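The values are calculated or read from the model by the stated rules, or taken from the named source; none is laboratory data. Here the structure is a predicted model, which means the values were calculated and not measured. Methodologically, a virtual Cβ is constructed for each residue, glycine included, from the backbone with ideal geometry; neighbour enumeration extends over all protein chains shown.
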Amino acid sequence: MLSKPSIRRAMAQALDLDQLVAAASNGTGEANGSMISSDSIYYSGVQKKRLPYDLEAARKELDASGYKGEPISIIANKRGNVPSFPAAVMAQAMLQQIGLNVQIEVLDYATQVDRRRSGNYQIISQSVTPRLDPALMYSFYVGDKDKNASLMWDDPKARELMKAAYAEIDPKKRQAIFDEFHELMLQEMPGIFLYDMVDVWGANKALKGQPVWQSNARLWEVSVDD
């Protein structure tokens, strides 16, 4: 069923991302429907595009897909430092509004990772470690599933764009590649991206410099003022 882009687009339009993200992030995050993080130099106006929250349009997409109420499972984990389970619960309620028969299967994290790597799931609610370059983020999702079952988007054009992003060094040309990538993603919706997770750090006034980058502690250019 989920091989049909119309079902995936229906799901995307059934999710009120702003509401979902506000709840999942405890008010610290903002919705971002792009694979590229909002603090990247490649996060353009195109990257800000996402399918609108529109239940009527979602139901039309679902009707056109030929969906007949077949069960759909989301696998999630209950680790406290990520919103895998609460995001899945909210998504389930929103998807049920358009008539999707969605259930949640709660797994321990190791089992969920194993299922992802083997491709043995329909939908997975997960977080992804940040990567320095958008091409590295795309490589987590895009590729030949026959060679790597963990990949989620086995589309010839997407694979072509990912290779081009790795090979190109001109920033303007790379921007064009990433923008085309995002437009293609909005058509096919291989995944629904929610937001860039926010971790809150605290330090006293004696600490000089920025001690973290995307939740990872770093020690260079950081000092303590006596």
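Only one entry of Tyr109, Tyr53, Tyr42 meets the criterion of being surrounded by 13 or more Cβ atoms within 10 Å (Cβ to Cβ), free of Cβ contacts under 8 Å to residues at least 40 places away in the same chain and aromatic (Phe, Trp, Tyr), and that entry is Tyr109. Scanning segment 194-226 for residues that are part of a loop (DSSP other than H, G, I, E, B) and in contact with a Gly (Cβ under 7 Å, 6 or more places away or on another chain) yields Asp196, Met197, Val198, Glu221, Val222.
Please go through segment 194-216 and pick out each residue that is surrounded by fewer than 11 Cβ atoms within 10 Å (Cβ to Cβ) and of a type in the set (Asp, Glu). Scanning segment 194-216 gives a single hit, Asp199. Selection of segment 122-150 for residues being buried (at least 16 other Cβ atoms within 10 Å of the Cβ) and of a type in the set (A, V, I, L, M) yields Ile123, Ile124, Ala135, Met137, Val142.
Taking helices (runs of 4 or more DSSP H) as the structural unit, those lying wholly within segment 9-103 and holding at least 1 residues that are among the hydroxyl-bearing types (Ser, Thr, Tyr) correspond to 55-65, 84-96.
Cβ-Cβ distances below 6 Å connect the following pairs, each with a first residue in segment 203-226 that is touching a residue at least 60 places away in the same chain (Cβ under 8 Å), a second residue that is surrounded by 10 or more Cβ atoms within 10 Å (Cβ to Cβ), and a separation of six or more residues or different chains: Gln214/Pro130; Ser215/Asp199. Being in contact with a strand residue (DSSP E or B) (Cβ under 9 Å, 6 or more places away or on another chain), in a loop (DSSP other than H, G, I, E, B) and either of a type in the set (Asp, Glu) or without any contact (Cβ under 8 Å) to a residue 60 or more places away in the chain (or both) narrows it down to one of Leu161, Leu151, so name that one. Selected residue: Leu151, the only one of Leu161, Leu151 that is in contact with a strand residue (DSSP E or B) (Cβ under 9 Å, 6 or more places away or on another chain), in a loop (DSSP other than H, G, I, E, B) and either of a type in the set (Asp, Glu) or without any contact (Cβ under 8 Å) to a residue 60 or more places away in the chain (or both). Cβ-Cβ contacts under 6 Å between residues 6 or more apart (or on different chains), taken from a first residue in segment 116-137 that is charged (D, E, K, R) to a second residue that is assigned to a loop (DSSP other than H, G, I, E, B) and surrounded by fewer than 16 Cβ atoms within 10 Å (Cβ to Cβ), are listed as Arg116/Ser150; Arg117/Ser150. The selection criterion, being of a type in the set (A, V, I, L, M, F, W, C) and under 28 Å from Thr28 (Cα atoms), holds for Ile124.
Output the residues belonging to segment 164-193 that are buried (at least 19 other Cβ atoms within 10 Å of the Cβ), under 13 Å from the mean Cα position of the chain (by Cα) and part of a helix (DSSP H, G or I). Within segment 164-193, His182, Met185 qualify. Here Val46 passes the criteria (1) over 25 Å from Tyr121 (Cβ atoms); (2) of a type in the set (A, V, I, L, M); (3) modelled with pLDDT under 95 except the one numbered (3). Of all the criteria given as (1) surrounded by 14 or more Cβ atoms within 10 Å (Cβ to Cβ); (2) of a type outside the set (Gly, Ala, Ser); (3) in contact with a Leu (Cβ under 7 Å, 6 or more places away or on another chain); (4) within 25 Å of Glu70 (Cβ to Cβ), the one not satisfied by Arg116 is (3). Candidates are the residues of segment 88-104 that are closer than 19 Å to Ser25 by Cβ and in contact (Cβ under 8 Å) with a residue 40 or more places away in the chain; the one that is surrounded by the fewest Cβ atoms within 10 Å (Cβ to Cβ) is Met90. Name the residues in segment 51-102 that are of a type in the set (Phe, Trp, Tyr) and more than 16 Å from the chain's Cα centre (by Cα), would you? Tyr53, Tyr67 - these are the residues of segment 51-102 that are of a type in the set (Phe, Trp, Tyr) and more than 16 Å from the chain's Cα centre (by Cα).
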